[in-house]
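Encoded as structure tokens, the structure appears first; notes follow it.
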Amino acid sequence: MSEKLALVTGASRGIGKACALELAKAGYDIIVNYAGNAEAAEKTVQEIKALGVDAAAYKFDVSNKEEVDKSIAEIIEKYGRIDVLVNNAGITRDGLFMRMSEENWNAVINTNLSSAFFVSQPVVKIMMKQRSGAIVNMASVVGVSGNAGQANYSAAKAGLIGLTKTLAKELGSRGIRVNAVAPGFINTDMTKDLDTSKFTEFIPLKRLGEPEDIAKVVKFLAVDADYVTGQVLEVDGGLII
Ligand code: NAI
């Protein structure tokens, strides 16, 4: 077992899985959080272990404070520390604002924004004791620019950016850095139903991003960027320059 532990939420697939693998390559043991697909989570755990570090899957719903508190307490009891937290889990429930249901508003705010409050609070507690730690929040370019049809999602991601900057100010003196990544269009299950050919025209790099493009930047912010905190790094092929 290595001495450093990273917790990645929503890590059984997509961007979260790529982040987990990238942090494993950097020598971190990994906690793979997942919501429902135990088989996919276990496959991720095996892929991480093949890189020579330890990994374990923990099922909890990041939007449920009780489940989060119970699982984080178990993780801390077992491993004694958390060095990196990637708040990655997220969902979309798109629709025009005037037709948006309260249910879809709440689901997206709870899963994408309140989750970061629930998960970060107990993690920051142990990071404060360690006097070190790094948090990376998975925002989105639409949290910076807004997007028609995504009032709930844009508000949640903009909220994550505000949370990132505030925690950076509150926790810097404790040796804890907090940054955000704002991906553009990335090839994952979340974007598989979009006609992405329409978007590449507006992307200077003329392609969608891959989960690994995001993971490399997450690893940079979490592991290498010792003097960077409170920043939002857009990783979007130039989409919102
Ligand atoms: P994805 O749908 O493949 O992955 C999302 C992950 O979050 C899944 O593993 C899912 O099970 C997990 N999750 C959802 N609700 C959860 C809950 N309540 N508790 C625990 N886990 C939960 O999509 P993708 O693209 O990998 O998304 C990852 C993050 O990146 C999300 O926060 C998303 O908003 C963000 N993002 C994605 C972009 C894209 O173009 N794909 C663009 C900008 C941001």
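Each value in this text was obtained by applying a stated rule to the coordinates, not by laboratory testing. Quantities reported herein were computed from a predicted structural model and do not represent experimental measurements. Cβ atoms come from the backbone with ideal geometry, glycine included; neighbour counts cover every protein chain shown.
Here are some notes:
- Taking the criterion of being free of Cβ contacts under 8 Å to residues at least 60 places away in the same chain and surrounded by 17 or more Cβ atoms within 10 Å (Cβ to Cβ), the residues of segment 196-219 that qualify are Ile203, Leu208, Gly209, Asp213, Val217.
- Test result for Asp94, of a type in the set (Asp, Glu) and touching a strand residue (DSSP E or B) at 6+ places or on another chain (Cβ under 6 Å): yes
- Among the residues of segment 104-119, those identified as away from the ligand (no atom under 11 Å from the Cβ) and either surrounded by 24 or more Cβ atoms within 10 Å (Cβ to Cβ) or of a type in the set (A, V, I, L, M, F, W, C) (or both) are Trp105, Ile109, Phe117.
- Residues considered: Val124, Val178. Of these, the only one that is touching a residue at least 12 places away in the same chain (Cβ under 8 Å) and not in a strand (DSSP E or B) is Val124.
- Any chance Val218 is over 22 Å from Lys17 (Cα atoms), of a type outside the set (Phe, Trp, Tyr) and assigned to a helix (DSSP H, G or I): no
- When segment 187-206 is limited to residues that are closer than 30 Å to Ala6 by Cα and charged (D, E, K, R), the one that is farthest from the chain's Cα centre (by Cα) turns out to be Lys192.
- Members of segment 172-214 found to be small (Gly, Ala, Ser) and closer than 24 Å to Val136 by Cβ, listed by number: Gly172, Ser173, Gly175, Ala180, Ala182, Gly184, Gly209
- Qualifying residue in segment 147-159 (condition: under 21 Å from Gly10 (Cα atoms), in contact with a strand residue (DSSP E or B) (Cβ under 6 Å, 6 or more places away or on another chain) and surrounded by 20 or more Cβ atoms within 10 Å (Cβ to Cβ)): no
- Apart from one condition, Lys78 fits all of (1) in a helix (DSSP H, G or I); (2) surrounded by fewer than 23 Cβ atoms within 10 Å (Cβ to Cβ); (3) in contact with a strand residue (DSSP E or B) (Cβ under 6 Å, 6 or more places away or on another chain); the exception is (3).
- Residues of segment 179-195 satisfying the condition of being in contact with a Lys or Arg (Cβ under 8 Å, 6 or more places away or on another chain) and surrounded by fewer than 18 Cβ atoms within 10 Å (Cβ to Cβ): Asp189
- For segment 81-99, the criterion of a residue being buried (at least 23 other Cβ atoms within 10 Å of the Cβ) and farther than 23 Å from Lys216 by Cα is satisfied by no position.
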